[in-house]
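Asks: Sharing a structure below in structure tokens format, with a few things to ask.
The values are calculated or read from the model by the stated rules, or taken from the named source; none is laboratory data. These numbers were taken from a predicted model, which means no experiment stands behind them. Using ideal geometry, Cβ is built from the backbone for each residue, glycine included, and neighbour counts are taken over all protein chains shown.
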Amino acid sequence: MEKRRTVPVKLDMDSDDAALLRDTVDEFLWAANYVTRHAFDGEYVTTSKTTLNDDTYEDVRDETALHSNHVQAARNKAAEACKSVVEKWKRGKKASMPHFTSPHVVYDHRTATFHDEYVSLATVDGRIEADYMLPDDERDTPHAEYFFSDEYETTGAELHYSNDNWMLHIHCKRDVESDTPEQATTENGTVLGVDLGVNNLAVTSTGTFWTGDEFEHWRREYETRRGDLQACGTRWAHKNMQAVGRKEEDRFKMTLHRMANELIEEACDHGCSVIAFEDLMDIRDRTGASWGHKWAFNRLYEYVEYKAAEYGITVEQVDPENTSRRCSECGFTHPENRESDSFNCLKCGYENHADYNAAKNIGLRYLRRNQTGSGGGAPVGVRLNSGTLNANGEYEPPADDSARAGVHAESPRF
């Protein structure tokens, strides 16, 4: 099997070269969006790369100054994004035509040449060279462990522009022997944040909600049944109370197993190597949950933990302090940022569902806690439903998932 890693490297860029790269980014995004629109222009969505290439290659070459490999990379982006939409439709999920906006370009060995201290990149007007900006001490860093290692092969890269920085996400891989089924060891090692609550039993940083409506309905239903039986006071009623309790537990276990499977599927779909929950200690005091909810949260965590191990996914807990009050965009923390299910940052004005904001904060807390670790699989981002947040809370499109990279969809999915 292959072990893949992505190493982010900051580039030192002068103004003239940066201008060329911005032009290249603009034309790359135009090309990807042109192919996407063509794919959706018909009775059925076209996902075949060959068909899309035949239909759009000459048009894109005529309209842009892109290298032929960049044209093909843009086509691949569009084809994979369209395929992802179709797959979601098949699973009954909502999805719309992708639109690429985040500044990025895909590079391969024809369009990028990697040297020890710099990289040569193709643009719309020749090539430019940019020096790597590396840590003073490269020991125990991903740069030394993967990019500069003789054991790993450099397969390509994605160039991203964010907050006035040019970041090259370099893809590395090596073949490893394994007697176990293929596991979810991902290139970018992202983390999926999970917030638990009463109204919504679980909410992920990718924007998926598992509401507590069904759980609460059956909890009240079984509570009423037990109350009625207890009022009878007979031996028959006592035996039936025990039977009702067993049915209740079985129903909730089945529901929680399904949720656990779906959470792991969410992590696998988004290439996550870690699922981060809030610490379950004192969760009743924080959320106003009942004993039944506390039992459900613990069970759900246990189910996810042992099921995730099969896929090579780690399950962790983080300190939950202020995750519901902290803004995942700017970091400002204040009790009045949250009101019921709504989050509205008093400082930067960021608005979203409060549980979704908390899920992102949980993922960010795990990410920051592990930034200083030397483990090769240390996550480099918190997974959203499209793209990631880095340790500074800045949005970056996914470097390893061509079906979603560059499509920034912030709104949570219910």
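Asks: Scan 25, 119, 86, 35 and give me the residue that is touching a Pro at 6+ places or on another chain (Cβ under 7 Å) and either among the β-branched types (Val, Ile, Thr) or under 30 Å from residue 144 (Cβ atoms) (or both).
Replies: Numbers: 119 fails: touching a Pro at 6+ places or on another chain (Cβ under 7 Å); 86 fails: touching a Pro at 6+ places or on another chain (Cβ under 7 Å); 35 fails: touching a Pro at 6+ places or on another chain (Cβ under 7 Å).
It is 25.
Asks: Can you find, within region 144-161, the residue that is nearest to residue 391 (Cα to Cα) among those that are part of a strand (DSSP E or B) and in contact with a strand residue (DSSP E or B) (Cβ under 6 Å, 6 or more places away or on another chain)? Reasoning before the result, please.
Replies: Taking region 144-161 first, the residues part of a strand (DSSP E or B) are 153-161.
If we keep only those that are in contact with a strand residue (DSSP E or B) (Cβ under 6 Å, 6 or more places away or on another chain) too, we end up with 153-160.
On the way: 153: 26, 154: 24, 155: 25, 156: 24, 157: 20, 158: 19, 159: 18, 160: 16 Å.
Only one residue fits best here, namely 160.
Asks: Among the residues of region 347-361 satisfying the criterion of being part of a helix (DSSP H, G or I) and of a type in the set (Gly, Ala, Ser), which is nearest to the chain's Cα centre (by Cα)? Let's see the steps before the verdict.
Replies: Just the residues of region 347-361 that are part of a helix (DSSP H, G or I), to begin with: 354-361.
From what's left, of a type in the set (Gly, Ala, Ser): 354, 358-359.
Working: 354: 18, 358: 15, 359: 12 Å.
That would be 359.
Asks: Check every one of the strands (runs of 3 or more DSSP E) wholly within region 46-134 and list those with 2 or more residues that are over 20 Å from the mean Cα position of the chain (by Cα) and farther than 21 Å from residue 31 by Cα.
Replies: Details: elements: 104-107, 112-114, 118-123, 126-133.
Once the strands (runs of 3 or more DSSP E) in region 46-134 are filtered for at least 2 residues that are over 20 Å from the mean Cα position of the chain (by Cα) and farther than 21 Å from residue 31 by Cα, what remains is 112-114, 118-123, 126-133.
Asks: Could you pull out the residue among 230, 183, 242 that is at pLDDT below 80, assigned to a loop (DSSP other than H, G, I, E, B) and either among the aromatic types (Phe, Trp, Tyr) or farther than 25 Å from residue 12 by Cα (or both)?
Replies: Numbers: 230 fails: assigned to a loop (DSSP other than H, G, I, E, B); 242 fails: assigned to a loop (DSSP other than H, G, I, E, B).
Within the list 230, 183, 242, the selection yields 183.
Asks: Checking the condition surrounded by fewer than 21 Cβ atoms within 10 Å (Cβ to Cβ), modelled with pLDDT of 80 or more, in contact with a Phe, Trp or Tyr (Cβ under 9 Å, 6 or more places away or on another chain) and under 27 Å from residue 320 (Cβ atoms), which residue from 215, 209 passes?
Replies: On the way: 215 fails: modelled with pLDDT of 80 or more.
Going through 215, 209 in turn, just one is surrounded by fewer than 21 Cβ atoms within 10 Å (Cβ to Cβ), modelled with pLDDT of 80 or more, in contact with a Phe, Trp or Tyr (Cβ under 9 Å, 6 or more places away or on another chain) and under 27 Å from residue 320 (Cβ atoms): 209.
Asks: Of all residues in region 149-174 being in contact (Cβ under 8 Å) with a residue 60 or more places away in the chain and in contact with a helix residue (DSSP H, G or I) (Cβ under 8 Å, 6 or more places away or on another chain), which is surrounded by the most Cβ atoms within 10 Å (Cβ to Cβ)?
Replies: 170
Asks: If we scan region 293-306, do we find a residue that is touching a helix residue (DSSP H, G or I) at 6+ places or on another chain (Cβ under 6 Å), modelled with pLDDT of 85 or more and crowded, with 22+ Cβ neighbours inside 10 Å?
Replies: The answer is yes; a qualifying residue exists.
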